[in-house]
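These notes concern the structure reproduced below.
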Amino acid sequence: GSVTITDRGFVYAQTSVNPNPQLSGPGVTKVANLTPVGVTPANVGPYESTLTGLTQGTQYSYKAYVVTSAGTLYTAAGVTFTTPIAPVVVSPSLAQLAQSSAVLGGWVFDSGDSTVTERGVVYAPVGLNPDPMLGGTDVVKVAAGSGTGVFSVNVSGLALGTTYNFKAYALNKGGASYSSVRSFSTPATLASV
């Protein structure tokens, strides 16, 4: 219309707390999404936002909103989504530690609410990255298929005299889950024959 748009974005809340979210309502989070200055007409057109920090397995209600000189407008109530549940990974395992290789593994105990599409192990030297995670600095990923259950992978090319931390991981549509961290150290020198 002929009014000026001064703010726009989304409001959302856990449905159990507030099924009809509005600005400043109980449990409501606001995500503003303004178009850069210079777009004509200012702030008109489609927009989207990425939400982070949501609780797994939780239903949320949300609305798009726009604030104008004539007041605040919202889309219809009752639009919801439910966040997925990530898999449960336990028991990182270590076997057959050799001079520069080891057998590492874990156990995907529960798939969450969707299929485990990838599982495996991540590891890194403690001095470079004490908390290895997918995509982390100096982290090596070794995949071991998909699904639930116990699995193991062979890792090689390990540096002598080095302590490594490793975790088992699993992925589904809910994201990545990890086991607790476990450590091992390679021998300082090659064994004599």
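For the reader, a short list of remarks on this structure follows.
- Residue pairs whose Cβ atoms lie under 7 Å apart, sitting 6 or more positions apart in sequence or on different chains, and linking a residue in the stretch 106-129 that is in contact (Cβ under 8 Å) with a residue 60 or more places away in the chain and under 13 Å from G149 (Cα atoms) to a partner that is hydroxyl-bearing (S, T, Y) and surrounded by 20 or more Cβ atoms within 10 Å (Cβ to Cβ), are G106/S179.
- Some residue of the stretch 168-182 being open to solvent by 50 Å² or more (accessible area, probe 1.4 Å), at pLDDT 95 or above and more than 30 Å from G112 (Cβ to Cβ): no
- In this entry, N165 is excluded by the filter for residues that are in contact with a Ser or Thr (Cβ under 8 Å, 6 or more places away or on another chain), part of a strand (DSSP E or B) and open to solvent by 40 Å² or more (accessible area, probe 1.4 Å).
- Some residue of the stretch 64-77 being hydrophobic (A, V, I, L, M, F, W, C), touching a residue at least 24 places away in the same chain (Cβ under 8 Å), surrounded by fewer than 13 Cβ atoms within 10 Å (Cβ to Cβ) and under 30 Å from G45 (Cα atoms): yes
- Residues in the stretch 18-55 that are within 25 Å of the chain's Cα centre (by Cα), modelled with pLDDT of 90 or more, part of a loop (DSSP other than H, G, I, E, B) and of a type in the set (S, T, Y): T55 only.
- Residue match in the stretch 83-93 (condition: in contact with a Ser or Thr (Cβ under 8 Å, 6 or more places away or on another chain) and within 30 Å of I5 (Cα to Cα)): no
- Looking only at residues in the stretch 8-34 that are small (G, A, S) and within 12 Å of Q59 (Cβ to Cβ), the one that is most open to solvent (accessible area, probe 1.4 Å) is S16.
- Of everything listed in (1) surrounded by 16 or more Cβ atoms within 10 Å (Cβ to Cβ); (2) over 16 Å from the mean Cα position of the chain (by Cα), the single unmet condition for T189 is (1).
- Filter result for the condition that a residue is out of contact with any Phe, Trp or Tyr (no Cβ under 6 Å at 6 or more places or on another chain) and either surrounded by fewer than 13 Cβ atoms within 10 Å (Cβ to Cβ) or of a type in the set (A, V, I, L, M) (or both), over L104, L94, L128: L128
- So V153, is it closer than 18 Å to V181 by Cα, surrounded by 18 or more Cβ atoms within 10 Å (Cβ to Cβ) and free of Cβ contacts under 8 Å to residues at least 24 places away in the same chain: no
- Selection of the stretch 134-147 for residues being open to solvent by 80 Å² or more (accessible area, probe 1.4 Å) and at negative phi yields T137, K141.
- Qualifying positions in the stretch 144-175 - touching a Phe, Trp or Tyr at 6+ places or on another chain (Cβ under 9 Å) and not β-branched (V, I, T): A144, G145, G149, F151, L158, Y164, N165, F166, K167, A168, Y169, A170
The values are calculated or read from the model by the stated rules, or taken from the named source; none is laboratory data. The model shown is predicted, which means the values in this text are computed figures rather than measured ones. Quick reminder, even Gly has a Cβ in these numbers, built from the backbone with ideal geometry, and neighbours come from all protein chains shown. Ligands, DNA and RNA are stripped out before the accessible areas are found, and what is left, the full protein with its side chains, is counted by its heavy atoms. Shrake-Rupley method; radii C 1.70, N 1.55, O 1.52, S 1.80 Å.
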